[in-house]
1. Quick check: is even one residue across segment 35-49 hydroxyl-bearing (Ser, Thr, Tyr) and at pLDDT below 75?
2. Search segment 50-68 for residues being small (Gly, Ala, Ser) and under 31 Å from the mean Cα position of the chain (by Cα), and hand back the single one that is modelled with the lowest pLDDT.
3. Just checking, does segment 19-34 include any residue being hydrophobic (A, V, I, L, M, F, W, C) and modelled with pLDDT under 80?
Amino acid sequence: MPTPEPQTRIDQADAKAGSREGVVRWVLLISLTLAILAMTLIWVTGALTQDNVESQGTATGRVEAEAEARDAPPADSAAAVPSPD
């Protein structure tokens, strides 16, 4: 009668050929945090650098702001040349 081969028992870390340290979770958490911070920085700097026309949220608001910008006197009125009208 043949003798059965002994069963080999290995633990979970050896079966997976690695350890379970949770490093992937930390990498994903740090990457997500950095991405959120970068997008927030881009959004805030963009919002701070836009002028009055760009800050209008609707098409009607933009048209009105552009009309006001054209009709407004220049900042340095002493150097302004009067229009021939």
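The values are calculated or read from the model by the stated rules, or taken from the named source; none is laboratory data. Worth saying up front: this structure is predicted, and the values here are computed from it rather than measured.
1. no
2. Ser55
3. The answer is no; no qualifying residue exists.
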